[in-house]
1. Give me the one-decimal nm value for the distance between modelled label points at ASP89 and GLU290, 7 Å along each residue's Cα-to-Cβ direction.
2. Take HIS215, HIS304, HIS133 and sort them by solvent-accessible surface of the protein heavy atoms, 1.4 Å probe, largest at the top.
3. So what is the 222 nm mean residue ellipticity for the chain from helices alone, if each DSSP H run of at least 4 adds -39500 (n - 2.57) and you divide by all residues, rounding to the nearest 500 deg cm²/dmol?
4. I want the antiparallel fraction of DSSP beta bridges within the stretch 74-273, as a percent rounded to 5.
5. Please report the Cα spread of the stretch 196-285 along all three principal axes, rounded to whole Å, starting with the longest.
6. Express in whole angstrom the spacing between the alpha-carbon centres of the stretch 143-160 and the stretch 224-274.
7. What value in Å³ per residue do you get for the convex hull of the alpha-carbon atoms in the chain?
8. Heavy-atom accessible area of LYS88 with all protein chains present, probe 1.4 Å, nearest 10 Å²?
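The values are calculated or read from the model by the stated rules, or taken from the named source; none is laboratory data. Keep in mind that this is a model prediction, so the values were computed, not measured. Don't worry about glycine lacking a Cβ; one is built from the backbone with ideal geometry, like all the others, and counts go over all protein chains shown. Surface accessibility is based on the protein's heavy atoms, side chains included, excluding ligands, DNA and RNA. Shrake-Rupley method; radii C 1.70, N 1.55, O 1.52, S 1.80 Å.
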Amino acid sequence: MAKLSMSKHALTTAEQLAREELIAMVPYQSARRLFSNADAQEDKVWLNANEAPGKGQYQLSAININRYPDFQPDCLISAYSEYSGLAKDKILATRGADEGIELIIRSFCKAYQDTILICPPTYGMYAISAKNHGAAVIKVALNSADLTLDLDGLQQQVGKVKVVFLCSPGNPTGNLLPKAQILAAIELFKGSAMVVIDEAYIEFSPEYSCTKLLHDFDNVIVLRTLSKAFALAGLRCGFTLANNDVITLLSKIIAPYPIAAPVAEIASQVLTNDLAIMQTRVKQTKVLREQLSNWLTEQNWCCHVFTSDANFVLFRCTSAEDKARVFNLLLENNILIRDQSKQQQLENCLRISIGSEDELAQLKQLLTAL
Ligand SMILES: *Cc1c(COP(=O)(O)O)cnc(C)c1O
């Protein structure tokens with residue numbers, strides 16, 4: 001029975017019945033929870049969730065929505081197979097890459113027994129999903145000098161973990177991990193742990209994708225999403241790429257109809273017809289990212305701008321006071337960016353998503369007055 005020493009009120013039935021660790025667990029503070037769409041009385045500039053700017057543009061045809069969708073709609077899997085160059089049996093479509101993370105942990109970690117490994121500063125959902133499931137989390141921090149993998153640190157955990165999460169390009173850091181390091185990590189954990197490479201931002205440097213490693217190793221999983229470069233965060237569509245034995249396992253625990261019919265329709269349209277639009281968006285984003293990075297470098301409240309291979313820029317402010325001034329001035333003017341200063345190694349750091357040219361101009365104009 002759950003003991004809740006900190007609570008003053010009598011336990012509700014749900015509190016008594018719930019898994020003990022869920023009671024105190026803080027849910028993932030997604031950008032949309034911190035500031036919800038419904039909160040926005042006036043138009044806000046949304047630069048806090050690494051989404052693409054602009055307005056959506058996809059129309060639905062009449063779908064037979066009285067029918068269940070296929071478990072893995074073939075139009076969608078075929079389109080992603082074409083896009084990724086992988087066979088259809090190596091692809092599982094999920095409700096965002098976030099669901100892929102959860103499925104991997106639930107598939108490989110026995111609750112209250114097994115452990116995942118993460119390399120902070122990194123994406124928050126790996127640890128949240130692990131804790132949710134009752135899996136432990138071991139942290140091997142990235143090397144602080146250049147945010148690369150600490151391979152010696154990883155080696156010490158071989159045999160102690162079931163799943164290793166690597167993020168490349170990293171969120172919130174922004175940099176790609178060196179391919180040789182990813183390869184070394186996969187070799188290290190061969191036979192003892194699955195190595196997941198989260199490629200949520202890989203469209204910004206597609207030549208660094210690790211999908212080819214699936215042919216040579218049986219412990220590799222790659223995560224992808226349509227939420228970032230494809231500008232479809234609201235659609236909730238991601239892909240887990242792995243050899244078929246892994247896909248078969250994950251298929252056992254995923255919900256029976258994970259991909260809603262309208263989602264499959266829009267996603268396959270985009271993947272089939274609009275790759276050039278995505279690539280143009282990526283090019284524009286990179287131009288704006290370099291402009292913003294250069295501009296930040298010149299500001300006296302900014303002491304470091306991290307290299308980014310993604311659609312956001314992480315930077316460090318000269319002090320906690322400066323960080324608060326920057327964040328609050330933007331907030332007061334309805335521009336939302338993300339505070340990353342609570343992450344290991346990221347004291348006084350803020351992250352700005354690359355919005356539209358106009359949005360970033362507004363941001364610069366406000367901060368120039370600081
Ligand atoms: C945004 C993001 C995800 C989640 O993507 P969804 O497909 O929207 O669930 C996963 N990993 C990283 C590193 C991300 O930044």
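1. 4.4
2. HIS215, HIS304, HIS133
3. -10500 deg cm²/dmol
4. 35
5. Computed over the Cα atoms, the extents are 37, 32, 18 Å.
6. For the stretch 143-160 versus the stretch 224-274, the Cα centre distance is 31 Å.
7. Per-residue hull volume (Cα only) is 169 Å³.
8. Accessible area, nearest 10 Å²: 100 Å².
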